[in-house]
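See below for the structure under consideration.
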Amino acid sequence: MKSLNRYLVFFTLLVSLGFFYQPLYAAGKINLNTATVGQLTELKGIGEKTAQKIVEYRKKHKFSSVDELVNVKGVGEKTLAKIRDQLVVAETKKK
């Protein structure tokens, strides 16, 4: 019975930490709604011209999902598949 209680405590702690660290995990990703040209060029397959197109697209159309990146000329499905795990779309704070 003691080992079952320890297991439950450990499991509860593990689940709690998972929820706590979720924002930190997202923090390591590049936010399409706030990324600079320099940050975007760090992505494999995204050069300076394409990064600039992403920023220009964002000025007219705020990203609501990572999938929208294929709407930018120069970014196709294959490129998106390579970099998807490095991207996030998060709300931007209004000033």
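The values are calculated or read from the model by the stated rules, or taken from the named source; none is laboratory data. Predicted, not measured: the structure shown is a model, and the values here were computed from it. As a convention, Cβ positions derive from the backbone with ideal geometry for all residues, glycine included, and neighbour counts pool all protein chains shown. Ligands, DNA and RNA are excluded from the accessible area calculation, which covers all protein heavy atoms including side chains. Shrake-Rupley method; radii C 1.70, N 1.55, O 1.52, S 1.80 Å.
Out of 56, 91, one residue alone is within 15 Å of residue 35 (Cα to Cα), in contact (Cβ under 8 Å) with a residue 40 or more places away in the chain and open to solvent by 70 Å² or more (accessible area, probe 1.4 Å). It is 91.
Quick grid of which residues meet (1) modelled with pLDDT of 65 or more; (2) over 17 Å from the mean Cα position of the chain (by Cα); (3) part of a loop (DSSP other than H, G, I, E, B):
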residue: 3; (1), (2), (3): yes, yes, no
residue: 6; (1), (2), (3): yes, yes, no
residue: 33; (1), (2), (3): yes, no, yes
residue: 39; (1), (2), (3): yes, no, no
residue: 43; (1), (2), (3): yes, no, yes
residue: 54; (1), (2), (3): yes, no, no
residue: 83; (1), (2), (3): yes, no, no
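If you take the residues of segment 15-31 that are closer than 20 Å to residue 91 by Cα and open to solvent by less than 80 Å² (accessible area, probe 1.4 Å), which of them is modelled with the lowest pLDDT?
26
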